[in-house]
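Here the structure comes first, spelled out in structure tokens, and everything after it is commentary.
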Amino acid sequence: MGIIGWTFFWVGITFALYIGIAIWSRVSTTAGFYVAGQGVPTVANGMAVAADWMSAASFISMAGLVAFLGSDGSVYLMGWTGGYVLLALLLAPFLRKFGKFTVPDFVGTRYYSNVARAVAAIVTLFVSFTYVAGQMRGVGVVFGRYLEPVLQPISATVGLEVITLGVIAGMFVVATYAVLGGMKGITYTQVAQYCVLIFAYTLPAVAIAFVLAGNPIPHIAIGEVLPRLDGLSEEFLGTNYSDPFQNFSMLNVFCITVALMVGTAGLPHVIVRFYTVKKVRDARWSAFWALLFIAILYTVAPAVGMFAKYYILSSFSDLGAMGMLNEQEWVRNWAQAGLIQTGAWSEGMSAAAMLETIDRDIIVLATPEIAGLSAILVGIVAAGGMAAALSTASGLLLVISSSVAHDIYAEIINPEASDERRLFAGRLTIVVAVFLAGLLGIYPLGFVAEVVAFAFGLAAAAFFPVIVLGIFWKRCTKEGAISGMIVGLAFTFTLIILMRAHVVLPVVFETPILESFLGVNAQGIGTIGMVLAFITIYVVSMLTEEPPQEVQDLVEQIRYPRVITSEELYESSKVEPGQAEAGGA
Amino acid sequence: MATPQMSREEYWQKQLRRTLILLTVWFVVGLLSGILLIEPLNEFVFGGIPFGFWMAQQGSIFVFVSLILIYAVASDRLDAEAGLAEVDDESTSGPGAGH
């Protein structure tokens, strides 16, 4: 079998596996549907979080992005891992103790207000929809790229594009297991998807590390490769690969990293995973396992980026651009797929100009070929890319469904609804959400590429401050929370639009309305929005009446793993902090 | 083990202090050494890799994982000491149930 045959084989096998898991893990209650009955073991939950987290973008694009950004690529590496520290220390255990199903649940209850709940539900919808659109597109792209020769005749017959067929197939698979199994089905499918994607990612990296440096561990092989890469980079591009602040200023590197970290901790589809475990301590351990599993990919990615860039530059140094075109098969293959613009190549062109013509996304997809791996393994990489896109899409779809069916329908519109009715509403909204996400995948809006900045910026500015202060500061009031969410949201949203107007509305604007805000670009603006939200919440809370006693009791309650009885609570409210030691417990 | 030796307030103060210390390390390792001080740290080269660059792309991630591990282990211990751990019904078999 060739590459196409093996790709079909692996994608087919993994799809069958996902559907099988869905049938095995069907659920019949809303608790099963939204939080998997809170019975997911920690290691499995860690894997599910990792798969949920690592999207098509992490799998396909990140190593390429890091390869092209050099040292400044660390904004993504640190930004998308460091947030888990905030999540584990500041949010996960306390939200698990709180229980219930969603982030708006917490906001609505802690801030004793359905207005707060509704604002939170709308932000959740916005963040998740923008994020999921990119995932469905990713599914279509992976399908289109690998299975084109097979899908081409089908697409000609039914009159649809190859990428459209890919999106439809992906929609069908996600809808099946999300509708049947809800969170339970999604969680166990994600465990399988994690295994597929991490295997597919590390295997080529190990092989290429061995080829380039004689050491199969990528983390060690970079010690061998980086000095050579720095030399080549200096010679052909004029700077060392490892020199910082070539693409972003120090201020921007700082702000982007913080926005991504805090945004990670505030993303509803990530937070909600910590509701699915049995106990508070399981939430802490889940966060540990999750970051450990994520770190495997995130520490290998920069190595893959370095290997690929080294390989490209050393080929260029040996052969020149035209020599590469004539002698290297991968160049011709990817040129055929339209992802290297070899038409612009000429004798004696500069390395920088040559790199410009290479699509960043091929770095990961081309490594197996560069390392000379066989067709079996190239097929596994395709299945890995699919796993990454599908697992993230399904997690997001469940969050969208729970915002509509649980937070808006069951809690605000019709609190009397029976469990069956709620479950039906949940399933129905998933189907609608899959359909809408598929449409966004087939007809991508111009700003889909800007989605990441939006999703992270808004999560950082709108969610993180209210949740953290809700846990750590009893005096925080509903007025403070609502105004903080609105200020964070409005500021971040407006500034991203102003700075990215030429991308979001290319018909109307040719240039950004605002270049930067005090030197901070669109990706980092969430950091400023977050600071403003914190300030607003503090000031408004101090000016308004303190929260009712039962809310303060709730905050007291979620700080401790076991249930605190009402007598204990009453007793502690009488004891001054200074006397606490004498009082005992 | 079962008899609590500290009050809830004391437990919470200890948790807060630990959280603060761990977040300080998080800041120093990630944002300080990986970004703000990356240039001076790049003067030191270990095993072919400038140290600041290594911290930004590898070291910080290892430290982040360790911070959560330390937090989980230490919190388990403190929960038990304060008599605030959840009552185990059937599962002490979870990962990290090492003590």
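For every residue, the table says whether it meets (1) crowded, with 24+ Cβ neighbours inside 10 Å; (2) closer than 24 Å to A:Val179 by Cβ.
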position	(1), (2)
A:Phe9	no, no
A:Asp52	yes, yes
A:Phe59	yes, no
A:Ala63	yes, no
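In segment A:246-283, which residues are touching an Asp or Glu at 6+ places or on another chain (Cβ under 8 Å) and within 11 Å of chain B (Cβ to nearest Cβ)?
Taking segment A:246-283 first, the residues touching an Asp or Glu at 6+ places or on another chain (Cβ under 8 Å) are A:246-248, A:253, A:269-270, A:273, A:279-281.
A:Phe248, A:Val253, A:Lys279, A:Val280, A:Arg281 - these are the residues of segment A:246-283 that are touching an Asp or Glu at 6+ places or on another chain (Cβ under 8 Å) and within 11 Å of chain B (Cβ to nearest Cβ).
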Original post:
(1) open to solvent by 40 Å² or more (accessible area, probe 1.4 Å); (2) of a type in the set (Val, Ile, Thr); (3) out of contact with any Pro (no Cβ under 9 Å at 6 or more places or on another chain): which one isn't true of A:Thr257, the others all being true?
Top reply: (1)
**OP:** Kindly indicate the residue of segment A:468-504 that is more than 24 Å from A:Arg117 (Cβ to Cβ) and touching a residue at least 40 places away in the same chain (Cβ under 8 Å) and also nearest to the other protein chains (Cβ to nearest Cβ) among those meeting that condition.
**Re:** A:Ile496
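Does A:Thr42 meet the test of being touching a strand residue (DSSP E or B) at 6+ places or on another chain (Cβ under 9 Å), over 30 Å from B:Trp54 (Cβ atoms) and surrounded by 24 or more Cβ atoms within 10 Å (Cβ to Cβ)? I'd like the intermediate steps shown before the answer.
Working: touching a strand residue (DSSP E or B) at 6+ places or on another chain (Cβ under 9 Å): yes; over 30 Å from B:Trp54 (Cβ atoms): yes; surrounded by 24 or more Cβ atoms within 10 Å (Cβ to Cβ): yes.
Here the answer is yes, as A:Thr42 does meet what is asked.
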Subject >> Candidates A:Gly578, A:Gly583, A:Gly524 - the one that is open to solvent by less than 40 Å² (accessible area, probe 1.4 Å) and either at pLDDT below 75 or not hydrophobic (A, V, I, L, M, F, W, C) (or both) >> reply: A:Gly524
**OP:** Just one of (1) exposed (fewer than 14 other Cβ atoms within 10 Å of the Cβ); (2) more than 9 Å from chain A (Cβ to nearest Cβ); (3) at pLDDT below 95 trips up B:Val87, so point out which.
**Re:** (2)
Original post:
Which one of the conditions (1) modelled with pLDDT of 90 or more; (2) under 30 Å from A:Ala205 (Cβ atoms) does A:Phe94 fail to meet, given that it meets all the rest?
Top reply: (2)
Subject >> So A:Ser483, is it at pLDDT 90 or above, open to solvent by 10 Å² or more (accessible area, probe 1.4 Å) and not charged (D, E, K, R) >> reply: yes
Original post:
Quick one: which of A:Leu125, A:Leu87, A:Leu95 is within 26 Å of A:Tyr409 (Cα to Cα) and either surrounded by fewer than 23 Cβ atoms within 10 Å (Cβ to Cβ) or within 14 Å of chain B (Cβ to nearest Cβ) (or both)?
Top reply: A:Leu125
Subject >> A:Ala213 vs. criteria open to solvent by 10 Å² or more (accessible area, probe 1.4 Å) and more than 11 Å from chain B (Cβ to nearest Cβ) >> reply: no
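Does A:Leu69 satisfy the criteria of being surrounded by fewer than 24 Cβ atoms within 10 Å (Cβ to Cβ), farther than 30 Å from A:Ile340 by Cα, within 14 Å of another protein chain (Cβ to nearest Cβ) and touching a residue at least 40 places away in the same chain (Cβ under 8 Å)?
No: the conditions fail for A:Leu69.
Does B:Arg77 fit the bill of being at pLDDT below 95 and facing another protein chain (nearest Cβ under 7 Å)?
Working: at pLDDT below 95: yes; facing another protein chain (nearest Cβ under 7 Å): no.
Criteria not met by B:Arg77.
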Original post:
Taking A:Val531, is it over 30 Å from B:Ser75 (Cα atoms) and either modelled with pLDDT of 95 or more or outside any helix (DSSP H, G or I) (or both)?
Top reply: no
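The values are calculated or read from the model by the stated rules, or taken from the named source; none is laboratory data. Computed from a prediction, not measured in an experiment: that's the story for all the values here. A quick note on method: Cβ atoms are made from the backbone with ideal geometry, for glycine too, and the neighbour counts reach across all protein chains shown. Calculation scope for accessible area: heavy atoms of the full protein, side chains included, ligands and nucleic acids excluded. Shrake-Rupley method; radii C 1.70, N 1.55, O 1.52, S 1.80 Å.
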